Amino acid sequence: MTTDTEPVTDLESVSEFRDRARTWLRQHLPPAPPPDGDAYSEESWERARQLQRILYDGGYAGICFPDEYGGRGLTPAHQQAFTEESAAYEMPLLLNVPTLAICAATLLDLGTEEQKRAHLPAVLRGEEILVQFLSEPSGGSDLAGLTTRAERDGERWILNGSKIWSSGAYAADYGLCLARTNWEAPKHRGLTLFLVPVRGEGVTVQRIRQVTGSTEFCQEFFDDVALPEEAVLGRVDEGWDAASRLLGHERAALGGTSPYTSGARPHLGGEAERLLELARATGQLDDPRTREDIGEARAMNVVRDQLIGHVTAAIASGALPPSAGAITRLFSAENAWLQTDTALRIAGSTAATHAPGDPADTEKIGLDYLFRAAWSLAGGSTEMARNVISERVLGMPREYAADRDVPFNQVERGRR
């Protein structure tokens with residue numbers, strides 16, 4: 001019988017690992033709390049760090065990360081077993097996306113040995129939070145058209161520009177920032193990915209208030225930020241390859257195929273049991289239309305889970321390319337829309353006029369509906385996901401782009 005701190009060997013079966021995890025979770029983590037009105041508060045991030053440290057000390061952090069970087073070196077099947085067992089417990093869900101599933105996974109793929117040993121164990125201990133610095137205020141979906149620049153100054157780089165829609169940047173320690181380092185190359189071939197300290201000199205983070213009242217998203221300003229040579233992640237001027245790897249991890253995270261997340265997965269559309277409770281609370285459980293709506297929502301979740309399993313296995317076996325994660329990312333977005341719309345239809349006007357005495361969940365339903373459009377943008381727009389599926393999975397021709405092979409300093413920008 002292994003203890004919490006004994007190493008897990010490759011011989012431990014998934015079922016044995018599941019049994020041990022079930023016992024450990026019951027002894028070390030409290031039940032999952034009800035939804036918090038401000039899930040992105042400073043206190044929530046600090047609690048996530050604490051929970052991550054508890055997982056690390058117990059041997060359940062970074063289950064699919066290599067053991068030489070603080071992980072467990074186990075299989076996605078082990079991670080899936082832990083995810084299922086931990087769903088009912090308080091977990092550091094804030095760290096799943098983007099820290100673990102996107103940024104740390106990209107660092108694992110592209111980082112030097114020194115970068116991986118410096119940052120991955122710290123991430124898995126809850127000591128470092130990582131975010132993405134990709135989108136720009138004028139960029140839209142054309143990520144490769146970015147204008148944030150990094151210029152070489154001797155043995156360092158000087159970063160200037162701005163990024164936006166960075167989730168959780170105010171609580172982060174480092175950001176993976178894509179910047180232009182060669183203006184004479186076509187836009188996809190003059191970029192470099194950097195690891196930027198969020199609290200470094202010259203970095204300013206401003207939180208953005210959304211219509212829901214949340215200030216999760218941020219805009220960052222870089223004013224002559226000095227970065228050492230070792231801040232480069234991947235190769236200089238080959239940042240598009242690095243960004244493509246990062247975006248692949250992002251699609252996997254948002255689509256549910258990433259092996260690096262643990263605990264409940266609310267970003268995949270929620271669970272239909274919530275709709276049953278809502279229908280019961282509003283006295284509509286016997287209404288035929290409501291029952292049909294709940295049945296459709298439940299069916300969509302079954303399809304979602306089967307699709308995630310199928311695509312995950314196909315990518316792992318090589319039957320599908322990693323870009324097939326765009327399939328589950330697209331489906332998860334459409335499922336999130338359906339679940340949100342169904343909840344609003346059942347809640348009715350109380351979703352907008354929530355008052356004392358109304359079912360407790362109706363206030364959150366109204367806010368979820370206001371946030372509905374985000375699911376068509378998070379992890380790359382659904383239109384971009386369709387492009388990825390058509391071009392990289394189905395092998396269809398790429399759509400025409402007039403600036404594809406034009407040096408970026410010759411591309412017209414900012415004109416209407």
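The values are calculated or read from the model by the stated rules, or taken from the named source; none is laboratory data. Fair warning: this is a prediction, and the values are worked out from it, not measured in the lab. Positions of Cβ are backbone-derived with ideal geometry, glycine not excepted, and every protein chain shown enters the neighbour counts. The accessibility values were calculated without ligands, DNA or RNA, using every heavy atom of the protein model including side chains. Shrake-Rupley method; radii C 1.70, N 1.55, O 1.52, S 1.80 Å.
What do you reckon, is Ala242 touching a strand residue (DSSP E or B) at 6+ places or on another chain (Cβ under 7 Å), modelled with pLDDT of 95 or more, open to solvent by less than 20 Å² (accessible area, probe 1.4 Å) and more than 15 Å from Leu159 (Cα to Cα)?
yes
If Leu320 satisfies all but one of (1) without any contact (Cβ under 8 Å) to a residue 60 or more places away in the chain; (2) outside any helix (DSSP H, G or I); (3) closer than 13 Å to Thr257 by Cβ, what's the number of the condition it fails?
With (1) without any contact (Cβ under 8 Å) to a residue 60 or more places away in the chain; (2) outside any helix (DSSP H, G or I); (3) closer than 13 Å to Thr257 by Cβ applied to Leu320, the lone miss is (1).
This table checks each residue for (1) modelled with pLDDT under 90; (2) within 18 Å of Leu275 (Cα to Cα).
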| site | (1), (2) |
| --- | --- |
| Ala299 | no, yes |
| Val302 | no, yes |
| Gly318 | no, no |
| Leu330 | no, no |
| Leu338 | no, yes |
| Ala343 | no, yes |
| Thr353 | yes, no |
| Ala374 | yes, no |
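Of the numbered conditions (1) open to solvent by less than 30 Å² (accessible area, probe 1.4 Å); (2) over 17 Å from the mean Cα position of the chain (by Cα); (3) not assigned by the TED database to the domain that holds Asn387, Ala279 fails exactly one; give the number of that condition.
Ala279 satisfies all of (1) open to solvent by less than 30 Å² (accessible area, probe 1.4 Å); (2) over 17 Å from the mean Cα position of the chain (by Cα); (3) not assigned by the TED database to the domain that holds Asn387 except (3).
Residues that are aromatic (Phe, Trp, Tyr): find the helices (runs of 4 or more DSSP H) completely inside the range 68-155 holding 1 or more of those. Reasoning before the result, please.
On the way: elements: 76-86, 105-110, 113-124.
Helices (runs of 4 or more DSSP H) meeting the threshold: 76-86.
So Asp142 clears everything in (1) open to solvent by 60 Å² or more (accessible area, probe 1.4 Å); (2) in contact with a strand residue (DSSP E or B) (Cβ under 9 Å, 6 or more places away or on another chain) except one condition, right? Which one?
Single failed check for Asp142: (2).
Can you give me the number of residues within the range 279-297 that are at pLDDT 90 or above, part of a helix (DSSP H, G or I) and not basic (Lys, Arg)?
Within the range 279-297, residues that are at pLDDT 90 or above, part of a helix (DSSP H, G or I) and not basic (Lys, Arg) number 9.
Would you call Arg329 assigned to a helix (DSSP H, G or I), open to solvent by 50 Å² or more (accessible area, probe 1.4 Å) and not aromatic (Phe, Trp, Tyr)? Outline the logic, then answer.
On the way: assigned to a helix (DSSP H, G or I): yes; open to solvent by 50 Å² or more (accessible area, probe 1.4 Å): no; not aromatic (Phe, Trp, Tyr): yes.
Against the criterion (assigned to a helix (DSSP H, G or I), open to solvent by 50 Å² or more (accessible area, probe 1.4 Å) and not aromatic (Phe, Trp, Tyr)), Arg329 does not qualify.
Can you tell me how many residues in the range 44-93 are closer than 23 Å to Arg245 by Cβ and either without any contact (Cβ under 8 Å) to a residue 60 or more places away in the chain or not hydroxyl-bearing (Ser, Thr, Tyr) (or both)?
17
Pull up the range 380-409, narrow it to residues that are of a type in the set (S, T, N, Q) and more than 16 Å from Leu143 (Cβ to Cβ), then point me to the one that is most open to solvent (accessible area, probe 1.4 Å). Spell out how you get there, then give the answer.
Our first condition is that a residue be of a type in the set (S, T, N, Q); within the range 380-409, this holds for 381-382, 387, 390, 409.
Those left that are additionally more than 16 Å from Leu143 (Cβ to Cβ): 390, 409.
Numbers: Ser390: 25, Asn409: 83 Å².
For the range 380-409, the residue satisfying everything is Asn409.
Look at Ser86 and say whether it is in the same structural domain as Lys187 (by the TED database), open to solvent by less than 60 Å² (accessible area, probe 1.4 Å) and among the hydroxyl-bearing types (Ser, Thr, Tyr).
Working: in the same structural domain as Lys187 (by the TED database): no; open to solvent by less than 60 Å² (accessible area, probe 1.4 Å): yes; among the hydroxyl-bearing types (Ser, Thr, Tyr): yes.
No; evaluated as a whole, the condition is false for this residue.
Going by the structure shown, is Glu383 under 25 Å from Leu254 (Cα atoms), acidic (Asp, Glu) and outside any helix (DSSP H, G or I)?
On the way: under 25 Å from Leu254 (Cα atoms): yes; acidic (Asp, Glu): yes; outside any helix (DSSP H, G or I): no.
Criteria not met by Glu383.
Let's see how each residue does on (1) closer than 30 Å to Gly168 by Cα; (2) open to solvent by less than 70 Å² (accessible area, probe 1.4 Å); (3) modelled with pLDDT under 95:
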| residue | (1), (2), (3) |
| --- | --- |
| Thr2 | no, yes, yes |
| Leu11 | no, no, yes |
| Phe17 | no, yes, no |
| Leu25 | yes, yes, no |
| Pro30 | yes, yes, no |
| Ser41 | yes, yes, yes |
| Arg47 | yes, no, no |
| Ile54 | yes, yes, no |
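Looking at the range 312-324, can you tell me whether even one residue there is of a type in the set (Val, Ile, Thr) and open to solvent by less than 10 Å² (accessible area, probe 1.4 Å)? Explain how you work it out, then say what you get.
Of the residues in the range 312-324, the ones of a type in the set (Val, Ile, Thr) are 312, 315.
When the remaining residues are screened for being open to solvent by less than 10 Å² (accessible area, probe 1.4 Å), the result is none.
So far as the range 312-324 goes, no, none of its residues is of a type in the set (Val, Ile, Thr) and open to solvent by less than 10 Å² (accessible area, probe 1.4 Å).
Across the range 332-354, which residue is most open to solvent (accessible area, probe 1.4 Å) among those that are at negative phi, touching a helix residue (DSSP H, G or I) at 6+ places or on another chain (Cβ under 9 Å) and among the small types (Gly, Ala, Ser)?
First pass over the range 332-354, keeping only residues at negative phi: 332-347, 349-354.
If we keep only those that are touching a helix residue (DSSP H, G or I) at 6+ places or on another chain (Cβ under 9 Å) too, we end up with 332-347, 350-354.
From what's left, among the small types (Gly, Ala, Ser): 332-333, 336, 343, 347, 351-352.
On the way: Ser332: 4, Ala333: 3, Ala336: 5, Ala343: 3, Ala347: 9, Ala351: 13, Ala352: 93 Å².
Looking at residues that are at negative phi, touching a helix residue (DSSP H, G or I) at 6+ places or on another chain (Cβ under 9 Å) and among the small types (Gly, Ala, Ser), I get Ala352.
Which of (1) out of contact with any helix residue (DSSP H, G or I) (no Cβ under 7 Å at 6 or more places or on another chain); (2) closer than 21 Å to Tyr89 by Cα is the odd one out, the single condition Val302 does not satisfy?
Failed condition: (2).
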